[in-house]
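To start, the structure under review is shown below, and the notes come after it.
The values are calculated or read from the model by the stated rules, or taken from the named source; none is laboratory data. Computed from a predicted structure; not experimentally measured. Cβ: placed from backbone, ideal geometry, glycine included. Neighbour counts: every protein chain shown.
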Number of protein chains: 2
Amino acid sequence: MTPKSTNLANFKVGVDNVIFSVDMAQNRVLVLLVMRQGDPFSGQWSLPGTLVRQGESLEAAAYRILAEKIRFKNIYLEQLYTFGGPDRDPRESPDCFGVRYLSVSYFALVRFEEAQLIADGVTGIAWYPLERVPELAFDHHQILEYGYQRLRNKLEYSPVAFDVLPETFTLGDLYQLYTSVLGENFSDYSNFRTRLLKLGFLSDTGVKVSRGAGRPASLYRFNSESFALLKDKPMVFI
Amino acid sequence: MTPKSTNLANFKVGVDNVIFSVDMAQNRVLVLLVMRQGDPFSGQWSLPGTLVRQGESLEAAAYRILAEKIRFKNIYLEQLYTFGGPDRDPRESPDCFGVRYLSVSYFALVRFEEAQLIADGVTGIAWYPLERVPELAFDHHQILEYGYQRLRNKLEYSPVAFDVLPETFTLGDLYQLYTSVLGENFSDYSNFRTRLLKLGFLSDTGVKVSRGAGRPASLYRFNSESFALLKDKPMVFI
């Protein structure tokens, strides 16, 4: 009853990374793009990706491509979604390689100030503000959309914000990050501030800082030990 | 700079379904298992799965295997996770087929009373209570664990309970489902009841029903229109 193996599709497996960062100074959410230097889609922007090698795990492939594109101190990485439909890659055509190309996508967050782009041997690499992303190769626009939705969801119930903010930040910085991603209307500042402080995982460093006009604001730090105690409790941040 | 294509791994892609249901009468969470009838792991229990065919999407493959194993009226299905490390399938060995086997897993929920198992042409198929699951083929135990974690998480912030409960249910039935999955201590009944009613998407049908001893209890129905209005609002159910 098993289908003949000739009916089964043959695949190459790619890993594509949706790497987000936030430029706090400019108040912009950024995604890392690289310009493709080979066919198909040569010269077009795409998510940084690679094909999985013999003996290599999916996650190892995701880290390999990250290490080729940026230097970073800390990174948050998780699997995003697998895109594997027919006709997602022109190389599938019988006149080309005749195998399917499946993409396992990963979602990553890095701190903008800590990440250095590596341009060696590529024709282009750039942090693109989300609202200015150009046309992308393959179905990468769909993968990026999916990644952005994951970012929005995770801000609501998990501490991912602290993976992109500097180590110390004001509550205004935190609010600004949330509004950049979720839009101005997600919550007013005062409710947001009360809610976050009540969750109990932000530690006041005792240091105050001036951001332009207005009163000096306290610098906070994310307290991962306090958060760990809450980890199994369902919660919403906003 | 691109690796020679001989360095790239070749893959077959499988789809494995973690299909949960709940037997309300026995108060048990169930997972659908099938006995393998071919090598490798012939005669061992496994998640229902199949290999993706030429021209077939991942989701189509997931639905194909579902339709071969159970008849159902409604199903909830979403992609779970992709397992693709080296050495997860003995057929990878160079003396066998020498290609990697990647598994895209799907998470599914069906109503126990509406689902009929199809045993044609298989050596075994069964709803196993979670606490009695036997040793599974491949890394399917890990996939099942991942699926169970997804079920726990989704109960906290999404209306998946109403995909496995009968169409009308008492708040006691709903509470029983939550305790079967999350354990006795997740919340007391009175808080749970207040919280769920306050969320505003349960409609009282006006019908009361007796469950053994105790006062008759109201039958509720999940109101998907009311829920749709809340959909973009982050919330926790427990």
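Odds and ends about this structure:
- Of the residues making up the range B:65-79, at least one is in contact with a helix residue (DSSP H, G or I) (Cβ under 8 Å, 6 or more places away or on another chain) and within 11 Å of another protein chain (Cβ to nearest Cβ).
- A count restricted to the range B:130-144 and to residues that are loosely packed, with under 13 Cβ neighbours inside 10 Å and out of contact with any helix residue (DSSP H, G or I) (no Cβ under 9 Å at 6 or more places or on another chain) stands at 3.
- Of residues in the range B:19-35 being in contact with a Ser or Thr (Cβ under 8 Å, 6 or more places away or on another chain) and either within 11 Å of chain A (Cβ to nearest Cβ) or surrounded by fewer than 18 Cβ atoms within 10 Å (Cβ to Cβ) (or both), the one farthest from B:Arg88 (Cα to Cα): B:Asn27
- Check on B:Asp16, more than 10 Å from every other protein chain (Cβ to nearest Cβ), of a type outside the set (A, V, I, L, M, F, W, C) and touching a residue at least 60 places away in the same chain (Cβ under 8 Å): yes
- Screening A:Val122 against (1) of a type in the set (Val, Ile, Thr); (2) in a loop (DSSP other than H, G, I, E, B); (3) within 26 Å of A:Asp232 (Cα to Cα) leaves a single unmet condition, (3).
- Checked against (1) modelled with pLDDT under 95; (2) assigned to a strand (DSSP E or B); (3) among the charged types (D, E, K, R), B:Arg221 passes all but condition (1).
- Set A:Val133, A:Val207: member being modelled with pLDDT of 95 or more, hydrophobic (A, V, I, L, M, F, W, C) and not assigned by TED's automatic domain parsing to the domain that holds A:Asp16: A:Val207
- For the residues B:Leu196, B:Leu144, the requirement of being assigned to a helix (DSSP H, G or I) and either modelled with pLDDT of 95 or more or on the phi > 0 side of the Ramachandran plot (or both) singles out B:Leu144.
- Applying the condition of being under 15 Å from A:Lys12 (Cα atoms) and not in a loop (DSSP other than H, G, I, E, B) to the range B:84-103 and asking which residue is nearest to the other protein chains (Cβ to nearest Cβ) yields B:Leu102.
- Here the condition is being touching a Pro at 6+ places or on another chain (Cβ under 6 Å), among the small types (Gly, Ala, Ser) and in the same structural domain as B:Ile143 (by TED's automatic domain parsing); of B:Gly85, B:Gly38, B:Gly55, it holds for B:Gly55 alone.
- Answer residue from the range B:40-64, given it is within 11 Å of chain A (Cβ to nearest Cβ) and free of Cβ contacts under 8 Å to residues at least 12 places away in the same chain and is surrounded by the most Cβ atoms within 10 Å (Cβ to Cβ) among those: B:Glu56
- Taking the range B:65-84 as the range and being of a type in the set (Gly, Ala, Ser) and either under 15 Å from the mean Cα position of the chain (by Cα) or surrounded by fewer than 17 Cβ atoms within 10 Å (Cβ to Cβ) (or both) as the test, only B:Ala67 passes.
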